[in-house]
């Protein structure tokens with residue numbers, strides 16, 4: 001009998017939390033990642049599942065930044081080295097043992113993961129201050145530059161725009 005009451009209490013608390021979440025204004029939040037020593041922010045609503053590094057099969061005649069394909073939970077995903085794609089790969093890259101594969105939200109309809117050096121947690125808009133625009137032309141998937149309280153610069157990457165970028169979609173060259 002006590003288990004039934006505990007279950008009812010849990011359901012009641014969950015219902016209250018869901019209702020509160022629907023009525024509250026949603027703040028911007030990001031998944032913070034690092035590649036080649038640079039900090040990037042992926043909008044949390046656009047990021048998908050995070051995977052440990054898995055065996056990757058190379059794809060002949062593809063760009064260097066397209067590492068290959070991996071079987072992740074029974075589905076074939078293209079693996080893109082984020083730093084390589086952005087052209088910021090450093091000589092020390094590849095020695096990182098914390099590498100992860102970050103998927104795209106299923107709503108973006110692309111079987112692809114980004115290979116990153118490490119995860120750096122979650123960030124919210126109240127933790128970051130926008131940096132002024134420097135006036136240089138950037139691809140549509142490059143969002144705002146933001147600085148945290150420790151002075152670290154983070155670059156926002158819009159995954160919803162990246163999935164439409166012709167350079168990103170053309171893995172052979």
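Brief remarks follow.
- For region 114-172, the set of residues classified as exposed (fewer than 11 other Cβ atoms within 10 Å of the Cβ), touching a strand residue (DSSP E or B) at 6+ places or on another chain (Cβ under 8 Å) and under 21 Å from residue 89 (Cα atoms) consists of 172 only.
- Residue match in region 67-81 (condition: closer than 21 Å to residue 31 by Cβ, part of a helix (DSSP H, G or I) and in contact (Cβ under 8 Å) with a residue 12 or more places away in the chain): no
- Of residues in region 49-66 being in a strand (DSSP E or B) and touching a residue at least 24 places away in the same chain (Cβ under 8 Å), the one farthest from the chain's Cα centre (by Cα): 62
- In this entry, residue 77 is excluded by the filter for residues that are at pLDDT 95 or above and over 16 Å from the mean Cα position of the chain (by Cα).
The values are calculated or read from the model by the stated rules, or taken from the named source; none is laboratory data. Note that the structure is a prediction, hence the values are computed from the model and not measured. Neighbour counts run over all protein chains shown; Cβ positions are idealised from the backbone, glycine included.
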